[in-house]
1. Return a yes/no flag: does segment 220-234 have any residue that is within 22 Å of Val50 (Cα to Cα) and either touching a residue at least 60 places away in the same chain (Cβ under 8 Å) or open to solvent by 30 Å² or more (accessible area, probe 1.4 Å) (or both).
2. Give the residue that is surrounded by the most Cβ atoms within 10 Å (Cβ to Cβ), with candidates limited to residues of segment 253-298 that are under 16 Å from His45 (Cβ atoms) and among the aromatic types (Phe, Trp, Tyr).
3. Taking the conditions exactly as written (modelled with pLDDT of 95 or more, closer than 30 Å to Met163 by Cβ, in contact with a Pro (Cβ under 9 Å, 6 or more places away or on another chain) and not aliphatic (A, V, I, L, M)), does Asn329 satisfy them or not?
4. Identify, please: which residue in segment 194-215 is modelled with pLDDT under 95 and among the aliphatic types (A, V, I, L, M) and is, among those, farthest from Ile111 (Cα to Cα)?
5. Residue pairs, Cβ under 6 Å, 6 or more apart or interchain, first in segment 295-318 and farther than 18 Å from Ile353 by Cβ, second β-branched (Val, Ile, Thr) and not in a helix (DSSP H, G or I). List them.
6. Return yes when Gly241 is touching a residue at least 60 places away in the same chain (Cβ under 8 Å), of a type outside the set (D, E, K, R) and touching a His at 6+ places or on another chain (Cβ under 7 Å) and no when it is not.
7. State whether the residues of segment 186-194 include one that is more than 30 Å from Glu357 (Cβ to Cβ), in contact with a strand residue (DSSP E or B) (Cβ under 8 Å, 6 or more places away or on another chain) and in contact (Cβ under 8 Å) with a residue 40 or more places away in the chain.
8. Output yes when any residue across segment 257-272 is part of a loop (DSSP other than H, G, I, E, B), hydrophobic (A, V, I, L, M, F, W, C), more than 24 Å from Met1 (Cβ to Cβ) and modelled with pLDDT of 95 or more, and no when none is.
Amino acid sequence: MKRVKTALLVPGMVIAKDVHNANNILVIGKNTVLTDEYITKLTFHSIYSVYIKEEVVQEQKKPENEKSFAHSRVKDSAEFKAFRESYEKAVVKLEATFQDIISMQSQKIGISELCRQATDMLDDTRGGIHVFDILHNMRDYDDSTFNHSMNVALICNVFADWMHMSDMEKEIATVCGLLHDIGKLRIPDRIVKKTARLTDEEYELIKTHPMEGYNILFESRFISSVQNAALMHHERSDGSGYPLGLKGNQIDKFAKMVAIADVYDAMTAARVYRGALCPFKVIEMFEKEGFTMFDPEYMLVFLENIVQTYLRNWARLSNGREGEIVMLNKQKLSRPVILCGSEFINLGEHPEITIEEILI
């Protein structure tokens, strides 16, 4: 058997050892044949790697024609092109900023300035395409620590608005998202980017990145909430997270936001065998398993507002039909009401049907 990063798993691989979370709760059992849903579940539980059996799995590639009309519509828009250009420049600048912080040159970098590094590009989204649509269509770009950090910062910026936070709190939330993974820069690059099997020692080293991030930000004298976001973004409300196994109100409120944004961005990321995951599938995973792991107040606000952004969009269903998302189900946000022709389909009453893709 070999230890493989979750990001490199493909359907058909077989789990060689029971997979437990940090609280020793079984997530996936030995001999389970991995499906896309199981791989998504591992990402949801922030499980970085698993043991798989050595059997060779046929390499799977993304379909050639996976780009939907909606994907093309967004990517061909002037708004997206302007955002992408600003985004790429900001990610390059972020890498230099991380190095400045680590080398103790960050005394000159304030919270407001750091926030602007992430949010200046939002000026390019005023044409109407929501930032979540844009990020969803950035998935064929590099998914490095810096890209992920930028994505989480942008999500936290919008999330703070949804939580009706003050301008200062919104800046703090954005910077917490921006710097949450800075500890990975103290993990050797050869391990962070390794595509071959991980040793147990390498896996344990990667799991030290929250503490390493806290140490960097403490040494650089960032405010406690930013330090705590780095330390606590893998903590979970039920105590199943790491590195400290904190519960509930022991977790900083900004760290709770970053935890949700971090998992959402990781789950919607493209895989080697498919494109970006439909947001409604991610929302369904949060509904199934998230209420004990994440603070319900924060999670519900996040999910309700994401779903709101897709009202009046068209969607393709798992039965092949297409229709307009016309109404939300408050009790089951992943299962709205779809108008297909003259027929209203309440997905809350049809568990066999799911939303496969957002079209327009």
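1. Yes, there is a match, as at least one residue in segment 220-234 is within 22 Å of Val50 (Cα to Cα) and either touching a residue at least 60 places away in the same chain (Cβ under 8 Å) or open to solvent by 30 Å² or more (accessible area, probe 1.4 Å) (or both).
2. That would be Tyr264.
3. Details: modelled with pLDDT of 95 or more: no; closer than 30 Å to Met163 by Cβ: yes; in contact with a Pro (Cβ under 9 Å, 6 or more places away or on another chain): yes; not aliphatic (A, V, I, L, M): yes.
In short, no.
4. Selected residue: Ala196.
5. Note: pairs meeting the criteria are Leu311/Ile325.
6. Details: touching a residue at least 60 places away in the same chain (Cβ under 8 Å): yes; of a type outside the set (D, E, K, R): yes; touching a His at 6+ places or on another chain (Cβ under 7 Å): yes.
Spelling it out, Gly241 is indeed touching a residue at least 60 places away in the same chain (Cβ under 8 Å), of a type outside the set (D, E, K, R) and touching a His at 6+ places or on another chain (Cβ under 7 Å).
7. The initial filter retains those residues of segment 186-194 that are more than 30 Å from Glu357 (Cβ to Cβ), namely 186-194.
With the extra rule that they be in contact with a strand residue (DSSP E or B) (Cβ under 8 Å, 6 or more places away or on another chain), the set shrinks to 191, 194.
Then keep just the ones that are in contact (Cβ under 8 Å) with a residue 40 or more places away in the chain; that gives 194.
Within segment 186-194 (the criterion being more than 30 Å from Glu357 (Cβ to Cβ), in contact with a strand residue (DSSP E or B) (Cβ under 8 Å, 6 or more places away or on another chain) and in contact (Cβ under 8 Å) with a residue 40 or more places away in the chain), the answer is yes, since at least one residue qualifies.
8. Taking segment 257-272 first, the residues part of a loop (DSSP other than H, G, I, E, B) are 269-270, 272.
Imposing the further condition that a residue be hydrophobic (A, V, I, L, M, F, W, C) reduces the set to 269-270, 272.
Filter once more, keeping what is more than 24 Å from Met1 (Cβ to Cβ): 269-270.
With modelled with pLDDT of 95 or more added as a condition, the list becomes none.
No, that holds for no residue.
The values are calculated or read from the model by the stated rules, or taken from the named source; none is laboratory data. Since the structure is predicted, the reported quantities are computational estimates derived from the model, not experimental observations. Every residue, glycine among them, receives a Cβ derived from its backbone with ideal geometry; neighbour counts consider all protein chains shown. Just the protein is used for accessible areas: all its heavy atoms, side chains included, with ligands, DNA and RNA removed. Shrake-Rupley method; radii C 1.70, N 1.55, O 1.52, S 1.80 Å.
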